[in-house]
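A quick write-up on the structure given underneath.
The values are calculated or read from the model by the stated rules, or taken from the named source; none is laboratory data. Predicted, not measured: the structure shown is a model, and the values here were computed from it. Glycine gets a Cβ as well: all are built from the backbone with ideal geometry, and neighbour counts include every protein chain shown. Note: accessible area is taken over every heavy atom of the protein model, side chains too, but ligands, DNA and RNA are not part of it. Shrake-Rupley method; radii C 1.70, N 1.55, O 1.52, S 1.80 Å.
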Amino acid sequence: MADLRSTFVGIKSPNPFWLASAPPTDKEYNVVRAFKAGWGGVVWKTLGEDPNIVNVNGPRYGYVHGPDRRLIGLNNIELITDRPLQVNLDEITAVKKAWPDRAMVVSLMVPCEEKNWAGILKRVETTGCDGVELNFGCPHGMSERGMGSAVGQVPEYIEMVARWCKAHTRMPVIVKLTPNITDVRHPARAAKKGGADAVSLINTVSSIVSVDLDTFSPNPSIDGKGSHGGYCGPAVKPIALNMVAEIARDAETRGFPISGIGGITTWRDAAEFMTLGAGNVQVCTAAMTYGFKVVQEMISGLENWMDEKSHATLGDFVGRAVPNVTDWQYLNLNFVTKAKINQDLCIKCGRCHIVCEDTSHQAITSIVNGKRQFEVIDAECVGCNLCVSVCPVEDCIDMVEMATGVDPRTQRPISPGKSNWTAHPNNPGRKVAAE
Amino acid sequence: MAADDGIKAGRLPPEQYAKNFADLHAPLSRHEAAVEADRCYFCYDAPCITACPTGIDIPMFIRQIAAGNPKGSAKTILDANIMGGMCARVCPTETLCEQACVREAAEGKPVKIGQLQRFATDALMAVGTQPFKCAATTGKRVAIVGAGPAGLACAHRLAMHGHDVTMFDARPKSAGLNEYGIAAYKAVDNFAQREVDFILGIGGIKIETGKALGRDLTLDALTKDYDAVFLGMGLPGVNGLGVPGEDLKGVEDAIRFIAELRQTKDLAKLSVGRRIVVIGGGMTAIDVAVQSKLLGAEDVTILYRRGIEHMKASVYEQDLAQTKGVRIKHGLQPKAIIGEAGHVTAIECEYTSEKLGKLAGTGETLRIEADMVFKAIGQTFDGDPLGGLVALGSGRIKVDAERRTSAVKIWAGGDCIAGGKDLTVSAVEDGKQAAESINRFLTTAV
Ligand SMILES: Cc1cc2nc3c(=O)[nH]c(=O)nc-3n(C[C@H](O)[C@H](O)[C@H](O)COP(=O)(O)OP(=O)(O)OC[C@H]3O[C@@H](n4cnc5c(N)ncnc54)[C@H](O)[C@@H]3O)c2cc1C
Ligand SMILES: Cc1cc2nc3c(=O)[nH]c(=O)nc-3n(C[C@H](O)[C@H](O)[C@H](O)COP(=O)(O)O)c2cc1C
Ligand code: SF4
């Protein structure tokens, strides 16, 4: 039986599933319900200094729905906790005491002055929590006041605040990164340089989810006006996965602990983050969409998969995909694939044909011997995978490797060896391979 | 004789009639439509389009629903089929577009094209805007005989091209079998007349009801007075059974009964038998059987002479009848209708067997009690009003691919032409094609 116990920067939890700092972790009531449901840990909703901030009194969420109103992306203009600091600290203390085996990390956001960070850290330490997370991520509201992503977008600030925090607390310090930057490796490197124990990512992506075409107001609309929010949920997962991988494979931050966040909805999402180097994961939108019970599916799914693949512990698969993430220039150009359509499964919708015909390589027929039939023309197929992407039938189109022979498209023999762009004759800057 | 026997009105509690004759399928809600529309794959050269007799761009109209543009969707439908609203309700989609849908092949669950079509056309008709305009008037005048689906579709398309249309119909109301034939639960809330009003909304079309060709008008005169004539007269006659006892009271023509039902405001006042036998195997047989049942008849049996696989009514229609409690017996043909005091009491039928495609009685007979017998064994064309001006084939009007008859200036379409499918949607296509042909004729002829 797979062992799901997790130790992340020294913080233990019975499983790697934590709730991210957000409404689900805003109060004792919610967090106790989460722990009862089985969550391994929480990052408490971000605390700030008194007087407590206020939230809008109108709608704070916007959404992107699929046709059956499945929530694909959620956006919010909520700020950090809007309750007095001491109320939160008392509740954190009580919960940690009652649930000693669960991870309790407290998220923090205060103005960019050493005394402010030193002050709040001292008070937070009294709760008995396991660690802190520095919220340098929220892209809305707080950033206008020089906090949140306003800090996260300047690597020097990240490094500076991380250093202050490490100087003023014995607790592990996790730096939460914003995706609203051009290259996530820079803030990650800064966090490491500042002495932080880990990074967590991603926080939400700056977004406007929709515009009301009657009132011309962005949504959510507060009295006819809107402000950009932070986007999260399944829609942001690919962005988050890439950012996690970039940090995991960067020479300067390789091996630096990462807590993966962004669109995690099922065990499979979580496993993907972990193979790309995340030591554990945090979840917000999935819980806000379905309630806390979703963690039970995550636990059992991960367990079953680990058993099937004989991964005894999380360490057996964490980071396993990292070596396979590479730069484009190193991809093997001798690897040739051709699409193959399974005629027994084909339902003849013709989508593969029309997308290939209109937008790609004219490599799929629509009529063969006078009959509606969709077949790949190997002499035209570049192996691009567009047909697979649009085919509505699972496993109907396969990309099949052509390991030997001549590629009928290029008329070149398939070479058994590997060769990439760095040695390609068309590359003006190629390195000539030593023969 | 028991109290319930015989032909009686008011067999049901008064409030039950409205329930029984309500919409067969509740319309899709906006959300249901969005979910269903998302199931469409937007196929390339979509097989559903080919399967639609009017060639509606189905994937496009479904995509417009999915994108929250139901009125644009309706326009796409009406571009190809001006009776898209009625067709959405009455088309046997299970043998047309939905049979061809790739999701039928994939999972046996086609996209609900008919219901989506209704969603879109209802949305447009609710606001009542006519999305088409008449072109500048050409000064040409076209006469149309018969204001059923074929005639109305022809008229609308001609009006679009700027021609002046006058329609003549023998009945007091227009819309043909949409008004007098289609099962009541398929076209509730006076839909047939609302659709006519919608179609006439384009302008340039005049309807004269109560005017019959052969009685009030002659084809010869029409061809002289108008630049072109379209015949969409349907099939006014019905086949007889040709067995003894056909004249007994209680032996009824199904189509006449359905027409009466459709025109009855208070169905509690419409009389129906307790035990009913319907003879036939098509849509009319199913419709009269089901509606008799809904009127409170206790036993309703359809007798069909051949094997069930030959029934013209689709499997879907057969299932509908059976879920409403109608019994379908096949391999039985009527031999004699038996009566007492001039009124039918039973029907005697004979089992049949089919050898090498030939149907023959086996000699074994069966007697079924009945106080009402409906004849639903097909309609016939009546060529007399044509005065011999156009050629017939297989008893109906002969036309070419453009729906031209043998006579210049005369076109025909719908049930009255030879080789048709006898469906509302085919009648609409005939009317549309004829209008295009007439337009070509009127705009090129010098
Ligand atoms: C009981 C029944 C149920 C049906 N159910 C369905 C169904 O569910 N789905 C489906 O697709 N199809 C159904 N059909 C078939 C469909 O109704 C017809 O195919 C369609 O109505 C044919 O249209 P049309 O315009 O050719 O003829 P009709 O609708 O018959 O219209 C002909 C018009 O011509 C008029 N007319 C006739 N003779 C003259 C004359 N001498 N002078 C002036 N006017 C004249 C008539 O009064 C009538 O208004 C059904 C038919 C019947 C009988
Ligand atoms: C309503 C809402 C409020 C949030 N508030 C905070 C916060 O106070 N502090 C923080 O670090 N992140 C906050 N987040 C970001 C989440 O913790 C998380 O990083 C993000 O939602 C991505 O994860 P997900 O896709 O699982 O939701 C908030 C998210 C939501 C939806
Ligand atoms: S065949 Fe079915 S899935 Fe394909 S376009 Fe038509 S309705 Fe859509």
Towards the positive end of the charge dipole of region B:38-127, with charges on Cβ (+1 Lys, Arg; -1 Asp, Glu), say which of B:40, B:64, B:92 has the farthest Cα. B:64
How many Å³ per residue does the convex hull of the Cα positions in region B:38-127 occupy? 78
Roll a 1.4 Å probe over the protein heavy atoms and report the accessible area of residue B:174 in Å², nearest 10. 10
In whole Hz and in residue order, list the ³J(HN,Hα) couplings for region A:62-68 that follow from phi through the Karplus curve 6.51 cos²θ - 1.76 cosθ + 1.60, θ = phi - 60°; x for Gly and Pro. x, 8, 10, 9, x, x, 9
Taking a threshold of 26 Å on the Cα-Cα distance, which of the pairs A:36/A:166; B:19/B:269; A:12/A:166; B:269/B:375; B:206/B:421 fall above it? A:36/A:166; B:206/B:421
To the nearest 0.05, what FRET efficiency results for residue B:190 and residue A:393 with a Förster distance of 45 Å applied to their C-beta separation? 0.55
Cα long-axis angle, helix A:237-249 against chain A (0 to 90 degrees, to the nearest 10): 90
By the scheme Lys and Arg +1, Asp and Glu -1, what is the net charge of all other residues having a beta-carbon under 15 Å from that of residue A:105? -1
Ordered by residue, what ³J(HN,Hα) values in Hz, to whole numbers, does region A:142-158 give under the Karplus form 6.51 cos²θ - 1.76 cosθ + 1.60, where θ = phi - 60° and Gly and Pro are x? 4, 5, 5, 9, x, 10, x, 5, 4, 7, x, 8, 10, x, 4, 5, 4
Extension gain residue B:444-residue B:306, at 0.36 nm per residue separation less the Cα-Cα distance, in nm? 44.6 nm
In region B:12-54, what residues drop by 50 Å² or more in accessible surface going from the chain by itself to the full protein assembly, probe 1.4 Å? B:31, B:41, B:44
Testing the spin-label approximation: label points 7 Å from Cα along Cα→Cβ at residue B:391 and residue B:316. State their distance in nm. 3.8
Restricting region A:206-267 to trypsin sites (Lys or Arg not before Pro) in coil, as DSSP defines it, with at most 15 other Cβ within 10 Å: A:254
Accessible area (Å², per residue) of region B:38-127, counting only protein heavy atoms and a probe of 1.4 Å: 37
Considering protein heavy atoms only and a 1.4 Å probe radius, which residues within region A:391-407 exhibit an accessible-area decrease of no less than 20 Å² in the full assembly relative to the chain by itself? A:392
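DSSP beta bridges in the protein assembly as shown, what fraction antiparallel, as a percent rounded to 5?
If we restrict to bridges inside the protein assembly as shown, about 45 percent are antiparallel.
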Residue separation between residue A:101 and residue A:337 times 0.36 nm, minus their alpha-carbon distance, gives in nm 80.0 nm
Give me the Debye-computed log₁₀ of I(q)/I(0) at q = 0.28 Å⁻¹ for region B:245-309, equal point scatterers on Cα only, no solvent, two decimals. -1.41
Kirkwood-based Rg to Rh ratio, chain B, C-alpha trace: 0.98
Which order do you get for B:300, A:325 if you rank them by accessible area with a 1.4 Å probe, largest at the top? A:325, B:300
Give me the accessible area per residue for region B:290-432, probe 1.4 Å, as a whole number in Å². 46
Acute angle (nearest 10 degrees) that the helix B:424-444 long axis makes with the longest principal axis of chain B, alpha-carbon atoms: 30
Efficiency by 1/(1 + (r/R0)^6): what FRET value for residue A:145 and residue B:94, r their Cβ-Cβ distance, R0 = 45 Å, to the nearest 0.05? 0.10
Restricting the calculation to Cα positions, tell me the Rg (one decimal) and the Dmax (whole number) of region B:284-363 in Å. 14.0, 42
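Just to be sure I understand: if you take the accessible area of chain B alone plus chain A alone and subtract the pair, with a 1.4 Å probe, what total do you get in Å², rounded to 100?
Buried surface at the B/A interface: approximately 1100 Å².
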Ordering of B:114-125, B:61-72, B:339-350 by burial proxy (mean other Cβ atoms within 10 Å per residue, highest first): B:114-125, B:61-72, B:339-350
Go through B:41, A:63 and list them by solvent-accessible area, largest first, probe radius 1.4 Å. A:63, B:41
The farthest towards the positive end of the charge dipole of chain A, of the residues A:110, A:363, A:263, given +1 on Cβ of Lys and Arg and -1 on Cβ of Asp and Glu, is A:110
List of region A:311-349 residues, accessible area with partners at least 20 Å² below that of the chain alone (1.4 Å probe): A:347, A:349
Accessible-area value, residue A:421, 1.4 Å probe, nucleic acids and ligands omitted, Å²: 80
Nonlocal amide H pairs with residue A:45, under 5 Å, H built at 1.01 Å: A:22, A:25, A:26
Under a Cβ-Cβ cut-off of 15 Å, what is the net charge of the residues other than residue A:212 that fall near it, where Lys and Arg count +1 and Asp and Glu count -1? -1
At a probe size of 1.4 Å, how large is the accessible area of residue B:283, to the nearest 10 Å²? 60
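Mind checking the per residue accessible area of chain A for me, 1.4 Å probe, whole number of Å²?
Working: 20530 Å² over 435 residues.
Dividing the accessible area of chain A by its residue count gives 47 Å².
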Over chain B, with every protein chain in place, what whole percent of the accessible area is carbon and sulfur at 1.4 Å, could you tell me? 50
Sequence neighbours fewer than 8 away in the same chain don't count; with that in mind, list the lysines whose C-alpha is under 16 Å from residue A:418. A:431
Restricting to DSSP loop positions (anything but H, G, I, E, B) with no more than 14 other Cβ atoms inside 10 Å of their own Cβ, which chymotrypsin sites (Phe, Trp or Tyr not before Pro) remain in region A:154-259? A:216
Starting at 0 and stepping by 20 Å, how many percent of the alpha carbon pairs of chain A end up in each bin? 23, 48, 25, 4, 0
Probe radius 1.4 Å, ligands and nucleic acids ignored: give me the carbon and sulfur share of the accessible area of chain A as a rounded percent. 52
Debye intensity ratio I(q)/I(0), log10, region A:188-269, q values 0.18, 0.25 Å⁻¹ (C-alpha model): -0.80, -1.11
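Beyond a 30 Å Cα-Cα separation, which of these cross-linked pairs lie in this structure: A:176/A:293; A:371/B:324; A:348/B:133; B:8/B:211; A:225/B:112?
A:371/B:324; A:348/B:133; B:8/B:211; A:225/B:112
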So if each residue of separation counts as 0.36 nm, and I subtract the Cα-Cα distance between residue B:71 and residue B:323, what length gain in nm does that give? 87.2 nm
What nm distance separates the two modelled labels at residue B:400 and residue A:310, each placed 7 Å from Cα along Cα→Cβ? 7.9
FRET efficiency for residue A:384 and residue A:252 from the Cβ-Cβ distance with R0 = 41 Å, rounded to 0.05, comes out at 0.75
Enumerate the calculated ³J(HN,Hα) couplings along region A:290-295 in order (Karplus 6.51 cos²θ - 1.76 cosθ + 1.60, θ = phi - 60°), each rounded to whole Hz, writing x wherever the residue is Gly or Pro. 10, x, 6, 4, 4, 5
Only four residue types carry charge here, +1 at the Cβ of Lys and Arg and -1 at the Cβ of Asp and Glu. Report the dipole size of region B:38-127 about the Cα centre in Debye, rounded to the nearest 20. 240
Helix A:28-37: inclination vs chain A longest Cα principal axis, degrees, rounded to 10, gives 40
Among the trypsin sites (Lys or Arg not before Pro) in region A:1-76, which ones are in a DSSP loop with at most 15 other Cβ atoms within 10 Å of the Cβ? Mind listing them? A:5, A:69, A:70
Based on the alpha carbon coordinates of the protein assembly as shown, what radius of gyration and maximum Cα-Cα distance (Dmax) apply, in Å? 37.4, 113
